[in-house]
Amino acid sequence: MNPRKLIAKTPLHLTILVFAAIWIIPTLGLLITSFRDPANIAGSGWWTVFPKLFSGGQFSLENYIGVLRGEGLTRSFLNSLFISVPATAISTFIASFAAFGFAWMRFNGRKILFMLLVGLMVIPLQMTFIPILPIYSKLKLAGTFPGIWLAHTAYGLPLTTYLVHNFMAGIPKDLFDSASIDGASPFMTFWRIVIPISVPALASVFIFQFLWIWNDLLVALVYLSARPNVAPLTVSIANLVTNRGQDWELLTAAAFVSMALPLVVFFSLQRYFVRGILAGSVKG
Amino acid sequence: MGVRTKGWRSPRRITLFLGRLFLQGCRAVWRWLRSIRWRSWGFVAPALTLIAFFLVYPTVMTVARSFFGRGTTLFGPTVEFVGLRNWTYVFTNPVMLTALRNNALWAVLFTACTVGFGLVLAVMLDRVRYERLVKSIIFIPAAISMVGASVVWKFVYAYKPADLNQIGVLNAIVVAFGGEPVGWLIQRPWINNLCLIVVGIWMWTGFCMVILSAAYKNIPKPLLEAARIDGATEWRVFRNIILPLLAPTAAVVATTMVVQVLKIFDIIFVMTNGNYSTEVIANRMYKEMFNFFNYGRASALAVVLLILIVPFMILNIRRFAAQEGGR
């Protein structure tokens with residue numbers, strides 16, 4: 001590249017550098033701090049580790065052992081898994097049936113109902129808590145896993161159904177014609193042909209929904225606060241911030257525990273994740 | 001000796017008539033049942049049942065509940081009708097007005113910055129070789145929880161008195177340039193609200209960037225080249241070609257952002273819990289429900305959110321209908 005072009009491009013590179021720095025420094029600070037000794041964290045900034053980065057003795061796993069054992073975050077981590085995996089599986093399953101129904105079956109009111117679904121995608125969940133809570137306590141679902149599975153499934157259904165529908169509606173019609181000539185029932189067509197074709201779309205919806213539920217705070221606060229021993233990570237960490245707000249060794253390690261799984265999912269399945277986002281928005 | 005009625009009023013006739021009517025009715029119901037496409041409904045029934053119970057029914061009841069008083073039951077003998085009292089409270093109480101003001105501030109700044117930065121990044125990153133790396137960096141916050149992000153930024157904003165070493169990045173920079181450390185989350189009303197909005201922008205810019213970048217890459221490059229050859233400056237290419245072509249996508253992204261930001265809750269709940277004039281509608285609604293046990297006011301607040309979001313709901317439906325029509 002010739003020097004003139006390089007100089008012309010310098011502002012561009014600098015701007016991008018500033019953006020990248022603002023986006024990575026906060027997370028970097030959190031990560032470094034989570035491995036430092038509590039006394040050091042309170043006494044000096046995390047950036048002071050750099051001059052003697054390789055001299056050793058600055059970092060340890062103590063804080064992680066502290067939050068996972070002492071603060072009971074192991075339990076919360078398992079709770080988070082036990083909330084998000086079944087809830088995601090149930091909602092993807094139900095949504096794929098509904099998406100097929102809306103895309104390829106004919107029945108009265110199909111269009112109206114689907115428009116209702118599109119409208120409900122953005123409804124504030126705040127509208128739903130007050131009437132459901134009394135029913136939940138009567139049915140003894142408050143503070144239970146099945147209770148929150150059902151709630152998350154229902155709340156996720158409009159968007160997941162819409163996303164899967166967009167994909168299924170794009171399947172060529174010929175495929176269904178030949179299947180029905182071969183005498184396949186709608187259910188067989190759905191189960192044997194449509195589902196296998198839709199695996200990539202289902203995967204991105206699954207990842208999307210999984211991260212949404214894993215990261216959710218509000219729904220868990222509302223439906224699980226009756227019993228602290230079922231609290232997911234987000235709720236436990238919010239409590240830690242309230243009760244131990246200055247204990248940064250605990251907060252940083254705890255926050256990173258909650259971020260670890262989403263980051264792994266993000267980096268290993270980035271392709272599906274991005275595809276899910278694009279399916280939801282660009283098509284509009 | 002019983003009276004025998006003759007003619008059409010005889011019991012036998014009536015029995016026959018009713019019997020026939022019953023049979024006709026059965027047949028009609030049977031025909032109607034057969035006309036329903038059970039198999040079609042079977043596919044959508046589970047989803048529709050859940051949606052009806054968890055979304056439609058509660059929406060109706062919450063609207064109704066907003067005209068009733070305090071208490072933690074939906075309706076019942078202890079819940080009294082209060083007419084518009086919750087509503088006048090929402091639009092006159094100072095804390096509520098602060099919450100409404102903050103939601104407006106969030107809606108404007110958050111949406112402008114996320115979409116604006118997303119657009120700028122999408123166009124700029126297309127011109128450098130390390131596009132993928134920077135995109136990943138900007139996008140990472142979208143994958144983590146708002147609770148996690150709140151802890152990350154609470155640490156950035158950490159405050160220590162001037163005679164101690166600063167442990168928060170932002171105050172360390174301020175002190176390094178000779179300033180006094182600032183209580184970022186306490187300085188009301190603008191600094192702390194801006195600091196909270198920054199957290200939101202940090203989380204959602206990546207989302208906007210990914211979508212706008214995909215749209216940008218769909219623009220035929222010869223179009224831009226032709227303009228450049230004709231002597232258009234980079235700014236004019238951006239202003240007169242790129243921007244109009246990206247406008248529809250940017251509008252979609254902006255509506256998504258507004259809908260997200262109106263419901264903003266987690267960041268406020270974790271970082272300030274609405275203290276120091278940082279209250280927002282959703283956080284206030286949570287407090288009314290679980291701290292003050294006033295389902296009436298909480299319902300009214302939820303309905304405020306709904307009313308603010310309804311225009312976007314209609315927009316989504318109309319956009320969808322137009323798209324279906326074009327298919």
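Some points to look at:
- Taken as a whole, the condition of being farther than 22 Å from residue B:190 by Cβ and either in contact (Cβ under 8 Å) with a residue 60 or more places away in the chain or out of contact with any Lys or Arg (no Cβ under 6 Å at 6 or more places or on another chain) (or both) applies to residue B:294.
- In segment B:96-105, the qualifying residues are those that are of a type in the set (A, V, I, L, M) and within 18 Å of the chain's Cα centre (by Cα), and the one that is nearest to the other protein chains (Cβ to nearest Cβ) is B:99.
- The residues on offer are B:70, B:37, B:65, B:12, and the sole one that is in contact with a strand residue (DSSP E or B) (Cβ under 6 Å, 6 or more places away or on another chain) and either within 14 Å of chain A (Cβ to nearest Cβ) or farther than 29 Å from residue A:105 by Cα (or both) is B:70.
- With respect to (1) of a type in the set (Gly, Ala, Ser); (2) crowded, with 22+ Cβ neighbours inside 10 Å; (3) farther than 18 Å from residue A:24 by Cβ, the lone exception for residue B:178 is condition (2).
- Matching option when the condition is crowded, with 20+ Cβ neighbours inside 10 Å, of a type in the set (Val, Ile, Thr) and farther than 30 Å from residue A:192 by Cα, among A:15, A:10, A:74, A:27: A:27
- Residue A:143 being outside any helix (DSSP H, G or I) and over 30 Å from residue B:75 (Cβ atoms): no
- Some residue of segment A:146-165 being among the hydrophobic types (A, V, I, L, M, F, W, C), farther than 25 Å from residue A:235 by Cβ and buried (at least 21 other Cβ atoms within 10 Å of the Cβ): yes
One line per residue, one yes/no per condition, for (1) aromatic (Phe, Trp, Tyr); (2) surrounded by fewer than 17 Cβ atoms within 10 Å (Cβ to Cβ); (3) under 24 Å from the mean Cα position of the chain (by Cα):
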{"position": "B:138", "(1), (2), (3)": "no, no, yes"}
{"position": "B:145", "(1), (2), (3)": "no, no, yes"}
{"position": "B:148", "(1), (2), (3)": "no, no, yes"}
{"position": "B:158", "(1), (2), (3)": "no, no, no"}
{"position": "B:170", "(1), (2), (3)": "no, no, no"}
{"position": "B:188", "(1), (2), (3)": "no, yes, no"}
{"position": "B:195", "(1), (2), (3)": "no, no, yes"}
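- Hey, residue A:135 crowded, with 17+ Cβ neighbours inside 10 Å, modelled with pLDDT of 90 or more and either of a type in the set (A, V, I, L, M) or within 25 Å of residue B:316 (Cα to Cα) (or both) or not: no
Conditions tested, residue by residue: (1) at the interface with another protein chain (Cβ under 8 Å from one of its Cβ atoms); (2) among the small types (Gly, Ala, Ser); (3) closer than 18 Å to residue A:157 by Cα.
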residue	(1), (2), (3)
A:93	no, no, yes
A:100	yes, no, yes
A:103	no, yes, yes
A:106	yes, no, no
A:112	no, no, yes
A:120	yes, no, yes
A:124	yes, no, yes
A:132	yes, no, yes
A:138	no, no, no
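- Of the residues making up segment A:124-139, those that are of a type in the set (A, V, I, L, M) and part of a helix (DSSP H, G or I) are A:127, A:130, A:132, A:133, A:135.
- Among the helices (runs of 4 or more DSSP H) confined to segment B:34-92, the ones with at least 2 residues that are touching a residue at least 24 places away in the same chain (Cβ under 8 Å) are located at B:57-65, B:85-92.
- Answer residue from segment A:39-64, given it is assigned to a helix (DSSP H, G or I) and of a type in the set (Phe, Trp, Tyr) and is surrounded by the fewest Cβ atoms within 10 Å (Cβ to Cβ) among those: A:47
- Spans of helices (runs of 4 or more DSSP H) in segment A:168-284 with at least 2 residues within 17 Å of the chain's Cα centre (by Cα) and either more than 30 Å from residue B:138 (Cβ to Cβ) or more than 11 Å from chain B (Cβ to nearest Cβ) (or both): A:199-215, A:270-281
- Residue check for residue A:60: modelled with pLDDT of 90 or more and of a type outside the set (A, V, I, L, M): no
- Only one of the numbered conditions (1) assigned to a helix (DSSP H, G or I); (2) in contact with a Ser or Thr (Cβ under 8 Å, 6 or more places away or on another chain); (3) not aliphatic (A, V, I, L, M) is not met by residue A:114, and that is (2).
- Among the residues making up segment B:179-231, those that are assigned to a helix (DSSP H, G or I) and β-branched (Val, Ile, Thr) are B:191, B:197, B:198, B:199, B:201, B:205, B:210, B:211, B:229.
- Test: residue A:88 is surrounded by fewer than 18 Cβ atoms within 10 Å (Cβ to Cβ), more than 8 Å from chain B (Cβ to nearest Cβ) and not acidic (Asp, Glu): no
- Filter result for residue B:82 (β-branched (Val, Ile, Thr) and within 12 Å of chain A (Cβ to nearest Cβ)): no
The values are calculated or read from the model by the stated rules, or taken from the named source; none is laboratory data. What you see is a predicted model; the values in this text were computed from it and never measured. No Cβ is skipped: glycine too gets one built from the backbone with ideal geometry, and neighbour counts run over all protein chains shown.
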